[in-house]
Amino acid sequence: MAFQIRGVVEGFYGKPWTMDIRREVIQYLGDHGFNTYIYAPKDDELHRKRWREQYDENFFKEFSILVQEAESRGISIVFAVSPGLNIAYSSNSDVNTMVEKLMRLADAGVRSFGLFYDDIPETLIYEKDRNTFSSLSSAQAYFTNSVFKSINEKLKTLSRFMICPTQYCGREATEYMKTLGRELDRSISILWTGPDVCSNVLSADNAELAENAFQRKILLWDNYPVNDASMVPELHVGPYEGRDPNIVNHAEGIVLNPMIQPLASKIAIFSASEFLLDPYHYDSDSSWRRAISEIAPGCEEEMIHFCEYNLRSPIHTTHSERLTGLTSNLSKLLSKNRWPEVYEILLGEATKISESEKALNERLPADLIREIEPWIFEFSLWGDALTKTTGILAMRNLMFSSSVSYEELSETTKLCREIEISLCKLVKTETLTGGILFREIVQEILVRTKGYLKLIIS
């Protein structure tokens, strides 16, 4: 049983995609069984802050071409406006302004629209609204219904209308949700992100709660693999998982919010496509590997290794099982002073990182490298730090030897300084590849070595 709506919402904070990127993404969506793309970039000022203003003629021209290309690939484009920061819900003028704005997009071929009230204060800001409506949800239902009715009458060929409510996530049915569900036209879809803004798990119970409150099947806005706000340093390239297949009984569909990096987002989008088309037979790990094979032909294993270091996200709260097991084992070995084993493990991982980084830079498509270069760079820094750390470990036997030379001690001291520089470089990066996986291990080896050097040199 496939989900009726399978899509992507360009709904992140940050620099919006270009039309060229949107065309590429829409082509990818069409090739992988999706049927919906929602235009809603938060930092398009005419979408949100200056929503009353019209786009220029060049935008309409380009968007019209985008709509045509999307239709040729079986993709329906939804154009959303986010007026909630300064809207007057009771204002006929604002209703008319919104209708005019959307009808202009209809002239460009758009047949599906959305009003997004997310990430705004949960209060009515104008006195007339406070005197007219009993609640924010009543005000939003009135305004949305008014716009929807007018568009439906004017256009005749309206395909879909949707809203994102102000309370778009949660673990209980609120009065806001119940009122909105009761007063909003039943043919209007309501977006919902699950128990949290970025939900670790989406269960059938989560979806059913929202379905009952809103009195209709919900449209799940899944905030994965998005990496805006505090997640900007992260690259979310893990598999699509933690979604209950039984959601299909309570949701008309799922739309993913991708990263600012469109090409890297294809890993999650690919995996999600297989879930959305066949949720009951979906295997997240095999799907993830197929996604990586498609995006990184000729260096699949190296890309998997790199992705292991970039798994952390709201739906992946830990690193890969391999890496967590490896670092846990290293910590135990260090506590028992089993230095030769520590050396062998670190050398193996350092070599693997170096080889993977080289292969990625040589074989990945240039556009993808440009997107993920900061994370590849940090990845290489960890390879360098681990390599230098193994150098210290290789010198340990010499350091404890009665015949150790001043030159050998000086070389170890030099390596210590180089590791300190490597750690400083890692701190200065604006990415989080690997998090703190090896930081404590490297630091412990460094500090213990420096302590012993100080003892024998003095």
Scanning the range 288-336 for residues that are at pLDDT below 95, crowded, with 17+ Cβ neighbours inside 10 Å and among the polar types (S, T, N, Q) gives 320
Output for the range 180-197, where each listed residue is more than 17 Å from residue 115 (Cα to Cα) and in a helix (DSSP H, G or I) = 182
Matching residues, the range 104-133, being polar (S, T, N, Q) and closer than 20 Å to residue 167 by Cα = 123
Under 8 Å by Cβ, and 6 or more places apart or on different chains, what pairs join a residue from the range 53-69 that is over 20 Å from residue 27 (Cβ atoms) with one that is modelled with pLDDT of 95 or more and part of a helix (DSSP H, G or I)?
-> 54/100; 54/101; 54/104; 55/63; 55/104; 60/104; 60/105; 60/107
Candidate set: the range 407-458, residues that are within 42 Å of the chain's Cα centre (by Cα) and among the acidic types (Asp, Glu); chosen: the one nearest to residue 328 (Cα to Cα) = 440
Which residues, counting only those in the range 198-231, are β-branched (Val, Ile, Thr), buried (at least 16 other Cβ atoms within 10 Å of the Cβ) and assigned to a loop (DSSP other than H, G, I, E, B)?
-> 226
Given the structure, is residue 115 assigned by TED's automatic domain parsing to the domain that holds residue 46, within 25 Å of the chain's Cα centre (by Cα), within 24 Å of residue 68 (Cα to Cα) and not in a loop (DSSP other than H, G, I, E, B)?
-> yes
So residue 235, is it closer than 24 Å to residue 22 by Cα, outside any helix (DSSP H, G or I), without any contact (Cβ under 8 Å) to a residue 60 or more places away in the chain and out of contact with any Ser or Thr (no Cβ under 6 Å at 6 or more places or on another chain) | no
Since residue 255 meets every condition but one in (1) in a strand (DSSP E or B); (2) in contact with a helix residue (DSSP H, G or I) (Cβ under 6 Å, 6 or more places away or on another chain); (3) not basic (Lys, Arg), which condition does it not meet?
-> (2)
Yes or no: residue 328 polar (S, T, N, Q), assigned to a helix (DSSP H, G or I) and closer than 26 Å to residue 14 by Cβ?
-> no
Restricting attention to the range 323-334, does a residue exist that is free of Cβ contacts under 8 Å to residues at least 24 places away in the same chain, closer than 17 Å to residue 285 by Cβ and over 25 Å from the mean Cα position of the chain (by Cα)?
-> yes
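Condition check ((1) modelled with pLDDT of 90 or more; (2) touching a strand residue (DSSP E or B) at 6+ places or on another chain (Cβ under 7 Å); (3) over 21 Å from residue 302 (Cα atoms); (4) in a helix (DSSP H, G or I)) across all residues:
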{"residue": "344", "(1), (2), (3), (4)": "yes, no, no, yes"}
{"residue": "385", "(1), (2), (3), (4)": "yes, no, no, yes"}
{"residue": "418", "(1), (2), (3), (4)": "yes, no, yes, yes"}
{"residue": "430", "(1), (2), (3), (4)": "yes, no, yes, no"}
{"residue": "444", "(1), (2), (3), (4)": "yes, no, yes, yes"}
By residue number, the members of the range 238-252 that are among the acidic types (Asp, Glu) and outside any strand (DSSP E or B) are 241, 244
Do you know which residues across the range 388-416 are of a type in the set (Val, Ile, Thr) and at pLDDT 95 or above?
-> 389, 390
Is there any pair linking a residue in the range 119-137 that is within 30 Å of residue 228 (Cα to Cα) and not assigned by TED's automatic domain parsing to the domain that holds residue 175 to one that is exposed (fewer than 11 other Cβ atoms within 10 Å of the Cβ) and not hydrophobic (A, V, I, L, M, F, W, C), with Cβ under 9 Å and at least six apart or on different chains, and which?
-> none
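The values are calculated or read from the model by the stated rules, or taken from the named source; none is laboratory data. In this text, all values refer to a predicted model and were calculated from it rather than measured experimentally. Cβ sites come from the backbone with ideal geometry, for glycine too, and all protein chains shown count toward neighbours.
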